[in-house]
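Reading through the structure tokens given below for one structure.
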Amino acid sequence: MARRKVAAGNWKMNKTPSEAVKLCAELKDLVASDSVDVIYCVPAIDIVPVVDAVKGTNVKVGAENMYIEDSGAYTGEISADMILDAGAEYVIIGHSERREYFCEDDDFLNKKVKKALEKGLKPILCCGETLEQREKGVTLDWINLQIKSDLQGVSASDVAGMIIAYEPIWAIGTGKTATTEQAQEVCGAIRKTIAAVYDQATADSVRILYGGSVKGSNAKELFSQPDIDGGLVGGASLKPEFGDIVNYDK
Ligand code: PEP
């Protein structure tokens, strides 16, 4: 069965609750699609108003982060249950900004993936190499290490329903997009790793996105690659251009 494409927006630390509601109204008709899954991953404080604002549309909502514990004395954190109860279905785990600025390592991210799955949240697991790693020629080794570590102990059926996003760090927010060949090479390698660790059916089912300066003008070429099932989009997800990304094939 063909994998459905995904256009996931990562709003990062942008949009107050009232701005978020306005953006949803502005994008509503532009992102309408019955063939692409559209997800807005939004700041925690925006989840409730955004869930309300997209009610009755094709848009699903995700969080940008979550904590590994169910509840308790973890000031400032939010739990999987809170995200679910607020009406979101997805959660980004392991974005390079969290890995870098908040020192989240693969052991911790593995715990997050497992907690999200245990609770019924769908993880969007991010991986990606630095420019230095790419220039040293260790990109594929690095990505394989991240994927294997972050998915340690996760079942094949859970992986089959997951989304993985390959986001070269040097392409995030820089305007520098990976070439189609670079993006396909790594997304293809991730799928091969999943096939080796699990089985071909799991590899054929997991959706693998490219992220890093995806724009209306490059989405079609990127999303047409055999192992690229859509995009995780930062900057352009906050603009009407996101509609062109969702409707890349029109
Ligand atoms: C991201 O934040 O995940 C991202 C890919 O950002 P941008 O599209 O702005 O490069």
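Restricting to segment 220-241, name every residue that is in contact (Cβ under 8 Å) with a residue 40 or more places away in the chain, in a helix (DSSP H, G or I) and more than 15 Å from the chain's Cα centre (by Cα).
Matches in segment 220-241: GLU221, LEU222, LEU238.
Quick one: what pairs do we get from segment 146-171, first residue open to solvent by less than 30 Å² (accessible area, probe 1.4 Å), second among the basic types (Lys, Arg), C-beta under 8 Å, 6+ apart or different chains?
The qualifying pairs are VAL154/LYS114; MET162/LYS122; MET162/ARG207; ILE163/LYS122; ILE163/ARG207; ILE164/ARG207; PRO168/ARG134.
Can you name the helices (runs of 4 or more DSSP H) wholly within segment 63-134 that have at least 3 residues being more than 15 Å from the ligand (Cβ to nearest atom), in contact with a helix residue (DSSP H, G or I) (Cβ under 6 Å, 6 or more places away or on another chain) and open to solvent by less than 40 Å² (accessible area, probe 1.4 Å)? Show your work before the answer.
On the way: elements: 80-85, 96-101, 106-119.
Where helices (runs of 4 or more DSSP H) fall fully within segment 63-134 and carry at least 3 residues being more than 15 Å from the ligand (Cβ to nearest atom), in contact with a helix residue (DSSP H, G or I) (Cβ under 6 Å, 6 or more places away or on another chain) and open to solvent by less than 40 Å² (accessible area, probe 1.4 Å), they are 106-119.
Please work out which one of (1) part of a helix (DSSP H, G or I); (2) of a type in the set (Phe, Trp, Tyr); (3) open to solvent by 10 Å² or more (accessible area, probe 1.4 Å) is the condition TYR248 fails and give its number.
(1)
Being out of contact with any strand residue (DSSP E or B) (no Cβ under 6 Å at 6 or more places or on another chain), at positive phi, within 16 Å of the ligand (Cβ to nearest atom) and not basic (Lys, Arg) narrows it down to one residue among GLY216, GLY212, GLY235; which is it? Reasoning before the result, please.
Working: GLY216 fails: at positive phi; GLY235 fails: at positive phi.
Unique residue meeting the criteria: GLY212.
Considering only segment 203-214, I want to know if a residue exists there that is over 18 Å from CYS127 (Cα atoms) and in a loop (DSSP other than H, G, I, E, B). If you could, list the steps in order and put the result at the bottom.
Start the filter on segment 203-214 by keeping residues that are over 18 Å from CYS127 (Cα atoms), which leaves 204-205.
Filter again for in a loop (DSSP other than H, G, I, E, B), leaving none.
Among the residues of segment 203-214, not one is over 18 Å from CYS127 (Cα atoms) and in a loop (DSSP other than H, G, I, E, B), which makes the answer no.
Quick grid of which residues meet (1) open to solvent by less than 20 Å² (accessible area, probe 1.4 Å); (2) within 23 Å of CYS41 (Cβ to Cβ):
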| residue | (1), (2) |
| --- | --- |
| GLY188 | yes, no |
| LEU222 | yes, yes |
| VAL233 | yes, yes |
| LEU238 | no, yes |
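The values are calculated or read from the model by the stated rules, or taken from the named source; none is laboratory data. Note that this is a predicted model, so its numbers are computed, not measured. Every residue, glycine among them, receives a Cβ derived from its backbone with ideal geometry; neighbour counts consider all protein chains shown. Accessible surface areas use protein heavy atoms only, side chains included; no ligands, DNA or RNA. Shrake-Rupley method; radii C 1.70, N 1.55, O 1.52, S 1.80 Å.
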